[in-house]
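The values are calculated or read from the model by the stated rules, or taken from the named source; none is laboratory data. Keep in mind that what you see is a predicted model, and the values were worked out from it rather than measured. Cβ placement follows ideal geometry from the backbone for every residue including glycine, while neighbour counts extend to all protein chains displayed.
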């Protein structure tokens, strides 16, 4: 049987980021008739050495029929066809959000991997279009395979206190959280504003609660207890937080930008992410339509599953095997 090698190292690095959840769920849901060799760890030393030297050698040794890099870094020289998943091009659109060496690595390898891969998987049509515009990738080589909610829905007690609005994600500039704080300041609905995610945001008003990184159980409870989840990001290749909130029946107000309307469909309220007034109006609208948005959100989230993601990914593999 043909062996599909999968570079899924991100699935085994804590804390899990979005691309790590993708890799973990993908390898856990692939069809059982597909023989895979999952690479969980790299070498001791630079990641690029594993990606461009060690991995190709392992592919030759194991006579892999196909290799899938689940986050940009496909071996540029390899003994078999290659599939690469590119979730977004935030490192191009918002280079200041990345450490200098990290951004340089993405900007060097991602375009070469995308143009050289036999197939490119993207989470959204938006990212697919971005690849064509920025890198000139052949649209015929691109396959759009959406993600699905992955945060377990638990039964931990909800947070106490006054009602709150919630934003989830790391605290990079593209997440646009300062403009959310500005919008919240003018709302005067009595809601607290809670920010959950990696990193620190300086100079926040004392009433804004930045809770940092949370484990899955606590994040699930915090999300279930929110009156509205607000996703003000300026750039997303999918926007998994939108579906996580919808799966819990929590209304969503999201930026009308990049892939977010594609993910949320007609089950969210959208706003101009550069306009704090527009954001505030959308949050009010979501608060006023909570029951309707909760029902539509659950229906929308139910359209996505990791089984679907894995099956569509396996179909991409089979195009090349």
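Tabulated values for the structure
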quantity	calculated
Condition broken by residue 81, with the remaining ones in (1) within 24 Å of residue 174 (Cβ to Cβ); (2) surrounded by fewer than 21 Cβ atoms within 10 Å (Cβ to Cβ) satisfied	(1)
Residues satisfying the stated conditions in region 70-101, i.e. within 18 Å of the chain's Cα centre (by Cα) and either not assigned by TED's automatic domain parsing to the domain that holds residue 36 or not in a loop (DSSP other than H, G, I, E, B) (or both)	84, 85, 90, 91, 92, 93, 95, 97
Options 265, 249, 237, 203; residue that is surrounded by fewer than 21 Cβ atoms within 10 Å (Cβ to Cβ), in contact with a helix residue (DSSP H, G or I) (Cβ under 7 Å, 6 or more places away or on another chain) and part of a loop (DSSP other than H, G, I, E, B)	249
Single match in 280, 286, 294 (criterion: modelled with pLDDT of 95 or more, in contact with a strand residue (DSSP E or B) (Cβ under 6 Å, 6 or more places away or on another chain) and over 22 Å from residue 87 (Cα atoms))	286
Some residue of region 130-142 being surrounded by 14 or more Cβ atoms within 10 Å (Cβ to Cβ) and modelled with pLDDT under 95	no
Subset of region 106-146 (residues that are farther than 20 Å from residue 260 by Cβ, part of a helix (DSSP H, G or I) and in contact with a helix residue (DSSP H, G or I) (Cβ under 7 Å, 6 or more places away or on another chain))	106, 107, 111, 114, 115, 135, 139
Residue within region 182-194 that is in contact (Cβ under 8 Å) with a residue 40 or more places away in the chain, farther than 26 Å from residue 158 by Cα and touching a helix residue (DSSP H, G or I) at 6+ places or on another chain (Cβ under 6 Å) present	yes
